[in-house]
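All remarks here apply to the structure that follows.
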Amino acid sequence: MRLSINVLWLLLFVFLATEISFRIYLYGVAALSPWHMNSYTEIHDYGLVKPAIEHEIVYELRPNINPLYKGKPFRTNSVGIRDQEYALAKPASTFRIAVLGSSWEMGSGVTIEDTWHTQLEDILNHQGDGRHYEVLNFGVDQYGFGEIIATLEHKVHTYSPDLVLVAFTYFTPVLLWSDPPEVYKAYPRRNPFFELHSLRVVDKR
């Protein structure tokens, strides 16, 4: 009986050591924090989005939120884009660029300072050609053609951009709602801290 209990304790120790090691390998030592780990989920089941005001856009980022997402600070402005505040009316002597796309443009898993459009804005404003440049980020994770086009029609034009950059990835064409839902509903909230990440080796989902 004593041997059986010791074997069970050994198996439990091996399992916990494997699980902890796997989490640290995937996410770093911050994986031991529930707040940090629970940020590693999908945009639809983390409370970042809400039904869009315009039906064709389907869903959009919530305004004025400041959580952790994919392990990085994630802040939206008052109109629900992941960027700083920009005036609706374009200032004089300003060249305004609007960026549309999905997770790479939104900056999933990186700080806003490390996104390419923020760096592009900094580079343009340091070239000293007498104009001020604004690069507005309308990217949202998992946006496909439908959401991108609808965002362009209903949101982007109100900011009077001089240039629109639309970024496509290999999966953008397949991210289409063939029949947008009557009312978009976010998925149930997930808490990855309480999931078994070591089982991802055999989990094909």
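The values are calculated or read from the model by the stated rules, or taken from the named source; none is laboratory data. None of the values given here were measured: they were computed from a predicted structure. When we count neighbours, we look across all protein chains shown, and the Cβ atoms used for this are built from the backbone with ideal geometry, even at glycine. All accessible areas refer to the heavy atoms of the entire protein, side chains included, with ligands and DNA or RNA removed. Shrake-Rupley method; radii C 1.70, N 1.55, O 1.52, S 1.80 Å.
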Under a crude label model (7 Å from the Cα following the beta-carbon direction), how far is ASN66 from ASP129 in nanometres? 3.5 nm
Could you state the angle between the C-alpha long axis of helix 145-154 and the longest principal axis of the C-alpha atoms of the chain, as a value from 0 to 90 degrees rounded to the nearest 10? 40 degrees
Cα-based Lys pair tally, the chain, threshold under 28 Å, eight or more apart or on separate chains: 14
Extension gain (nm, one decimal) between GLU113 and LEU11, 0.36 nm per residue minus Cα-Cα: 32.3 nm
Compare ILE123, ILE148, ILE43 in a GNM of the chain, Cα atoms joined below 10 Å, and give the one with the largest fluctuation. ILE123
Working from Cα positions, state the angle (0 to 90°, nearest 10) between the long axis of helix 2-27 and the longest principal axis of the chain. 20 degrees
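What fraction of the DSSP beta bridges in the chain is antiparallel, stated in percent and rounded to the nearest 5?
Approximately 35 percent, going by the DSSP bridge assignments.
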Can you tell which of PRO188, PRO161, PRO51 shows the greatest fluctuation in a Gaussian network model of the chain with Cα springs below 10 Å? PRO188
So the carbon and sulfur contribution to the accessible area of the range 1-142, 1.4 Å probe, in percent, is 64 percent
Per residue accessible area in Å² of the range 38-177, where ligands, DNA and RNA are left out and the probe is 1.4 Å: 47 Å²
Counting Lys and Arg as +1 and Asp and Glu as -1 over every other residue whose Cβ sits under 10 Å from the Cβ of ALA52, the net charge comes to -2
Helix 116-125 sits at what angle to the longest principal axis of the chain, using alpha carbons and giving 0 to 90 degrees rounded to 10? 40 degrees
By accessible area with a 1.4 Å probe, ligands and nucleic acids excluded, highest first: order of ARG190, ARG23: ARG190, ARG23
